[in-house]
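Participant: The structure follows.
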Amino acid sequence: MKKTDSSFSCARCKDAACMGSGERARCEKHFKEEFGREVRRTVREFGMIGAGERVAVALSGGKDSVVLLHQLAELKKKLPMELLAILVDEGIAGYRAPTIKVAKRECRKLGVKLHIVSFKSEIGSSLDAVLKKRPARRHGRGAGGHASPLGACSFCGVFRRLLLNKAARRLGADKLALGHNLDDAAQTVLLNLYRNEPARLARFWPVSVESGEGGPARAPGAASAARKPGASPPDFIPRIRPLIRIPEREVALLAELEGYGICHRSCPYAHEAMRQTVRAQLNEMEDRYPGTKKRIFNSWMAMGPAMKKMDEETEAGPNGKKKQTPMGRCSSCGEPSSKEECAACRMRRQFYKHPGR
Amino acid sequence: MKKAGKPVLVVDGRPEKLEGRAPASVRGLLAGLKVSPQEALVRVDGHVRPDDFPLAGARKIEVIRVVFGG
Ligand SMILES: [Zn+2]
Ligand SMILES: [Zn+2]
């Protein structure tokens, strides 16, 4: 049997390739090396982590966050930082338990302390229980359909972000690291265009210094917002996305090659999200026109500063919708919010009899 | 080419039947399974291989679906 002809050997060392072709073909060793280099470059370029900072990794036990945890643990050998992990247990039967096992095991391996917070203990109900109470007409707006603002993913996302921010703040974290990859970024750009949300798009950035509901994006190359010793922690813990330049498939490949033992099961509510439709579209585009996701990312990087400026200067907001106010506090719960009442409190009122906490 | 038996196919840990002629490459296999190459990794005889990798002579092919999220 033919071993590997030159088209299936690494362009760097001629060993058998695990990915790519021609000049882009890479063996395991070179793939892993370049992956790490790309993560370090992203962290450096966006000033994501300052020396000595406490970084909380939003860990779900899925491929992206587990890879992120390992990458930051590796980076820690060169850039001193304190690493910890926060896992949000939404209460999704049959889905979350196995990933919690993975998260615990990987944290133990790396000596990282894992903090678990749950929807049940923090907001009173599991996601499953909340979604059972949804009005019947909300059901069935499934794959390909228009995602309802009260869809599972919107609800889950709002509370997951709230719980992560609160836990990170309580633990004194300087940064909250998210496992968003290149696919997530390209999807977010398209989703915001599809939904006519230019202000949201203008605020989406590899580093967010204020909540997605109204914070300005950090300019590229800006220095890390390190907190001065003794200063009180900010309400909103800046979010960093060190994997933002790495395609989802390569994140999965690294997890597979490293044998992280990730569960390959998707969330039972995932089909409800419009994002899934966009994901399929983008993957088809990537197959036909390789590099599509990267080009969307690069366009986003090029447009970001101009969009942010336009967003700040335009009275009504670039899409004619009412502009959001600068970051303040929610009148009900006191959490950071760009609106009078935060999204979590608005949703809470729709789903629970008892608003606020 | 010497006549060889069809390779064993495993998708997400479950054995699957390879319908029709054995696919020539990883890409062909995924097309037959209606899986986007962006959403799968393929191990050929234990090693993850690129999309254009030929499957002639392979004994075991494992398809691992890349799930969203995490
Ligand atoms: Zn190599
Ligand atoms: Zn609130």
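The values are calculated or read from the model by the stated rules, or taken from the named source; none is laboratory data. Here the structure is a predicted model, which means the values were calculated and not measured. So basically every Cβ, Gly included, is an ideal-geometry build from the backbone, and we count neighbours across all protein chains shown. Heads up: the accessible areas ignore ligands, DNA and RNA and are worked out on the full protein's heavy atoms, side chains in. Shrake-Rupley method; radii C 1.70, N 1.55, O 1.52, S 1.80 Å.
Participant: Is segment A:3-115 best put as rounded, prolate or oblate by its Cα gyration tensor, with a ≥ b ≥ c the root eigenvalues, rounded for a/c under 1.5, and otherwise prolate when a/b is larger than b/c, oblate when not?
Facilitator: Verdict is oblate for segment A:3-115.
Participant: On to the next question. In what order, largest first, do B:39, A:312, A:106, B:19 sit by accessible area if the probe radius is 1.4 Å?
Facilitator: So, going from the largest accessible area down, we get B:19, A:312, B:39, A:106.
Participant: From other protein chains only, count the Cβ atoms within 10 Å of every residue's Cβ in B:47-57, then give the mean.
Facilitator: Other-chain Cβ atoms within 10 Å of each residue's Cβ, averaged: 6.
Participant: Continuing with this model, one more query. Looking at the P(r) of segment B:8-53, how many percent of alpha-carbon pairs lie beyond 16 Å? Could you put the intermediate results ahead of the total?
Facilitator: Working: 316 of 1035 pairs.
Looking at segment B:8-53, the distances longer than 16 Å represent 31 percent of pairs.
Participant: Continuing with this model, one more query. Provide a whole-number value for the mean count of partner chain Cβ atoms within 10 Å of the Cβ atoms in peptide A:17-27.
Facilitator: Numbers: counts 6, 7, 5, 3, 4, 2, 0, 1, 2, 1, 0.
Across A:17-27, the average partner-chain Cβ count within 10 Å equals 3.
Participant: So, taking all protein chains as they sit and a 1.4 Å probe, how much accessible area belongs to residue A:188, in Å² rounded to tens?
Facilitator: Around 20 Å² of this residue is reachable by solvent.
Participant: Which residues' amide hydrogens lie under 5 Å from the amide hydrogen of residue A:9, considering only partners 5 or more residues apart or on another chain, with H built in the peptide plane?
Facilitator: Amide H to amide H, under 5 Å and 5 or more residues apart or across chains, residue A:9 pairs with A:17.
Participant: What accessible surface, in Å², does a 1.4 Å probe find on residue A:347, ignoring ligands, DNA and RNA and rounding to the nearest 10?
Facilitator: Counting only protein heavy atoms, residue A:347 exposes about 20 Å² to solvent.
Participant: While we're looking at this one, here's another question. Roughly speaking, to the nearest percent, how much of segment B:8-53's 1.4 Å accessible area is carbon and sulfur?
Facilitator: 51 percent
Participant: How many Å² of accessible surface get buried when A and B come together, counting both sides, probe radius 1.4 Å, rounded to the nearest 100?
Facilitator: 2600 Å²
Participant: Let me ask something additional. Using θ = phi - 60° and the Karplus curve 6.51 cos²θ - 1.76 cosθ + 1.60, what whole-Hz ³J(HN,Hα) does each residue of segment A:28-37 get, with Gly and Pro shown as x?
Facilitator: Karplus values, whole Hz, x for Gly and Pro: 4, 4, 6, 4, 5, 4, 6, 4, x, 5.
Participant: Please report the antiparallel percentage of the DSSP beta bridges confined to chain B, to the nearest 5.
Facilitator: Of those bridges, close to 75 percent are antiparallel.
Participant: Separate question: Just report the Cα centroid separation between segment A:260-289 and segment A:25-101, whole Å.
Facilitator: So the two Cα centres are separated by 20 Å.
Participant: Which value, in Å² rounded to 10, gives the accessible area of residue A:184 with a 1.4 Å probe and all protein chains present?
Facilitator: 20 Å²
Participant: For segment A:4-74, which whole-number percentage of the solvent-accessible area (1.4 Å probe, protein heavy atoms only) is attributable to carbon and sulfur atoms?
Facilitator: 44 percent
Participant: Beyond 24 Å between alpha-carbons counts as too far, so tell me which of A:104/A:293; A:166/A:294; A:14/A:294; B:34/B:60; A:14/B:6 fall in that bin.
Facilitator: A:104/A:293; A:166/A:294; A:14/A:294; A:14/B:6, as the Cα separations exceed 24 Å there.
Participant: So for segment A:19-91, averaging the separation of alpha carbon pairs under 8 Å that are six or more residues apart and normalising by length, what relative contact order in percent results?
Facilitator: Computed over segment A:19-91, the figure is 30 percent.
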